[in-house]
1. Could you grab me the full set of residues in the range 3-38 that are without any contact (Cβ under 8 Å) to a residue 12 or more places away in the chain and within 25 Å of VAL135 (Cα to Cα)?
2. Go over the candidates ALA94, ALA79, ALA104, ALA54 one by one and state the one that is assigned to a helix (DSSP H, G or I) and not acidic (Asp, Glu).
3. Name the residue, out of ILE127, ILE84, that is within 30 Å of GLY15 (Cβ to Cβ), of a type outside the set (Lys, Arg) and in contact (Cβ under 8 Å) with a residue 60 or more places away in the chain.
4. Which of the residues that make up the range 29-43 are at pLDDT 95 or above and surrounded by fewer than 11 Cβ atoms within 10 Å (Cβ to Cβ)?
5. Does THR85 qualify as being outside the structural domain of PHE36 (by TED's automatic domain parsing) and outside any strand (DSSP E or B)?
Amino acid sequence: MAIINWATAKYEGLGKDGKGHVSTQSGALKDQPYGFNTRFDNQPGTNPEEQIAAAHASCFTMALSFGLAKLGYTKGSLASKVDITLVKDGDGFAVTKSEIKLDAKVPGMNGADFEKAAVEAKLNCPISKLLSCDVTLDITSFEGS
């Protein structure tokens, strides 16, 4: 079974003067502006790295949630923040790191078991598998037993 999702991007003009709009199949993004100014000058709109961060955060968090449920846990909360690092690379740029920061509460679970589940989710979520950069995990807080 294959699930195919799509997004569209349009770009009017070229280089720094160009302006783009991105939309997603679900409508979560609809003609959202993006371009040089939203990527490098903190102007309103989105950028590819932000979208990758959102995809990785949501994918990892969902994968961990399902992993914990599979282990028999039914209550808890997970909050992930992903930082995507974009660096100058020759004449262009490269994404070199995706850093997951995780805060979690899973009543009744011990830290060692939680860390094992979190690492498994990091390795096996589809977006982690997609990224060829360094993917790190920092569990910034955990409350369990």
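1. Matches in the range 3-38: ILE3, ILE4, THR38.
2. ALA54
3. Exactly one of ILE127, ILE84 is within 30 Å of GLY15 (Cβ to Cβ), of a type outside the set (Lys, Arg) and in contact (Cβ under 8 Å) with a residue 60 or more places away in the chain, namely ILE127.
4. LYS30, ASP31, listed by residue number.
5. For THR85, the condition - outside the structural domain of PHE36 (by TED's automatic domain parsing) and outside any strand (DSSP E or B) - is not met.
The values are calculated or read from the model by the stated rules, or taken from the named source; none is laboratory data. Here the structure is a predicted model, which means the values were calculated and not measured. Note: ideal-geometry Cβ built from the backbone for every residue, glycine included; neighbour counts use all protein chains shown.
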